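Quick note: the coordinates plus some simple rules give every number you see, no bench work behind them. The shown structure was predicted, so the numbers you read here are calculated from the model rather than taken from an experiment. Here the Cβ positions follow ideal geometry from the backbone for every residue, glycine too, while neighbour counts run over all protein chains shown.
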Amino acid sequence: MADSKKILEMIRQMAQVIEEHKDELTQLDQPIGDSDHGINMARGFQAVEQKLPGLEGKDIGTILKTVGMTLVSTVGGASGPLYGTAFMKAGMEAAGLTQLDLEGFLKLMDAAEAGVAQRGKAAEGEATMLDAMIPSLNAMKKAKEAGEGTAQVLQAGAAAAWAGAEHTKDLIATKGRASYVGERGLGHQDPGATSYSYLLETIAKAYS
Ligand code: ADP
Ligand code: MG
């Protein structure tokens, strides 16, 4: 599915996509948060982008762990430690690997999801990024079990992530800043679920 070079290329594309959608992600954080999600993510991914040249030729585990540590150390908001944990856990799973197949990729995504749930003390249905992560992972596993190839599996994942992000409008947040607004958060899409959908869509597009 991917070697280290392809992983670096996808991370570069993620940084671009986050930059392109920075204002939109920040606006989503306005009614239910503190209007900084796009700013936080863009700051983190800009720092990641600067690390990429030094990561050429490294194994996938080292690349992902470095991305995670960079996000943790440069993003002040909740999303920094959460996305940072996701990448670091995926990196631990990929330690020493220079090639990743679809099955391996899904294992990394499992580790990332478990890391976010543990770090955020959150579960599905609490109007967070997990409401995009969990259904997308389930959809990808199902598509793989049905015999679909990488492109189809990733497309199914991205579609399920976007549906999950959309569904956060119907959920009352019980974790993070959005929990402070309670029912007034209804009708508003979670910024973290949205950024996650953009990131997974970026991976899917690399195979379309
Ligand atoms: P902050 O909330 O500190 O301002 P951001 O605005 O960058 O940080 O990120 C907010 C996003 O982080 C939310 O939209 C949500 O998806 C995610 N989030 C916040 N708290 C949690 C948590 N406990 N578990 C999982 N995700 C969370
Ligand atoms: Mg915020």
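What FRET efficiency, computed as 1/(1 + (r/R0)^6) with R0 = 45 Å and r the Cβ-Cβ distance, is obtained for SER208 and ALA47, rounded to the nearest 0.05? Display every interim value, and only then the final one.
On the way: r = 28 Å, r/R0 = 0.62.
So, using R0 = 45 Å, E works out to roughly 0.95.
Can you tell me the alpha carbon radius of gyration of the stretch 80-208 divided by the globular rule-of-thumb value 2.2 N^0.38 Å?
This ratio for the stretch 80-208 stands at 1.05.
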*In degrees, nearest ten, helix 4-20 long axis to first principal axis of the chain (Cα)*: 30 degrees
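Assuming R0 = 30 Å, can you tell me the calculated FRET efficiency for the pair SER35 and ALA151, based on Cβ-Cβ distance, to the nearest 0.05? Display every interim value, and only then the final one.
Values: r = 36 Å, r/R0 = 1.20.
With a Förster radius of 30 Å, E is 0.25.
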_Cβ charges +1 (Lys, Arg) and -1 (Asp, Glu), total dipole of the stretch 11-103, debye_ = 340 debye
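Taking only C-alpha pairs under 8 Å that are 6+ residues apart, what is the relative contact order of the stretch 1-80 in percent?
Details: 84 pairs, mean separation 27.5, N = 80.
Here the relative contact order equals 34 percent.
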*In Hz, Karplus ³J(HN,Hα) per residue of the stretch 106-112 (6.51, -1.76, 1.60; θ = phi - 60°; x = Gly, Pro)*: 5, 5, 5, 5, 4, 5, 5
_Just want the answer: with Cβ charges of +1 for Lys and Arg and -1 for Asp and Glu, which residue in LEU64, SER179, ILE18 is farthest toward the dipole's positive end in the chain?_
LEU64
*For the stretch 165-172, just list the computed ³J(HN,Hα) in residue order, Karplus coefficients 6.51, -1.76 and 1.60, θ = phi - 60°, integers in Hz, with x standing in for Gly and Pro.*
5, 4, 5, 5, 4, 8, 10, 8
*Treat the count of other C-beta atoms within 10 Å as a stand-in for reagent exposure and order SER79, SER195, SER35 from fewest to most.*
SER35, SER79, SER195
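Rank these for me by crowding, LEU82, LEU102, going from fewest to most other beta carbons within 10 Å.
Details: LEU82 24, LEU102 18.
The most exposed by this proxy come first: LEU102, LEU82.
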*Go through the stretch 27-39 residue by residue and turn each phi into a ³J(HN,Hα) via Karplus (6.51, -1.76, 1.60, θ = phi - 60°); whole Hz please, and just put x for glycine and proline.*
5, 5, 7, 6, x, 10, x, 10, 6, 9, 4, x, 5
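For the cross-link pairs LYS51/LYS142; LYS22/LYS89; LYS58/LYS169; LYS5/LYS121; LYS22/LYS205; LYS51/LYS107, which exceed 30 Å when the distance is taken from alpha carbon to alpha carbon?
Details: LYS51/LYS142 35 Å; LYS22/LYS89 25 Å; LYS58/LYS169 40 Å; LYS5/LYS121 34 Å; LYS22/LYS205 19 Å; LYS51/LYS107 25 Å.
Checking Cα-Cα distances, LYS51/LYS142; LYS58/LYS169; LYS5/LYS121 exceed 30 Å.
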*How far apart, in nm, are two points set 7 Å out from the Cα along the Cα-to-Cβ line at ASN138 and at THR174?*
1.6 nm
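Report the extension gain between LYS5 and VAL181 in nm, rounded to one decimal, defined as 0.36 nm multiplied by the number of residues separating them, less their alpha carbon distance.
Values: separation 176, 0.36 × 176 = 63.36 nm, distance 4.30 nm.
Working it through step by step, the gained length comes to 59.1 nm.
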*What size of dipole, in debye to the nearest 20, comes out for the chain about its Cα centre when the only charges are +1 on Lys and Arg C-beta atoms and -1 on Asp and Glu C-beta atoms?*
440 debye
*Calculated P(r) tail over 13 Å for the stretch 133-188, as whole % of Cα pairs*: 62 percent
_If Rh is defined by the Kirkwood formula over all Cα pairs and Rg also comes from Cα, what ratio Rg/Rh do you get for the stretch 34-154?_
0.98
*If contacts are Cα pairs under 8 angstrom and at least 6 residues apart, what is the relative contact order of the chain in percent?*
22 percent
*Can you give me the P(r) profile for the stretch 48-92? Cα pairs, bins 5 angstrom wide beginning at 0, each as a whole percent.*
6, 28, 30, 22, 11, 3, 0
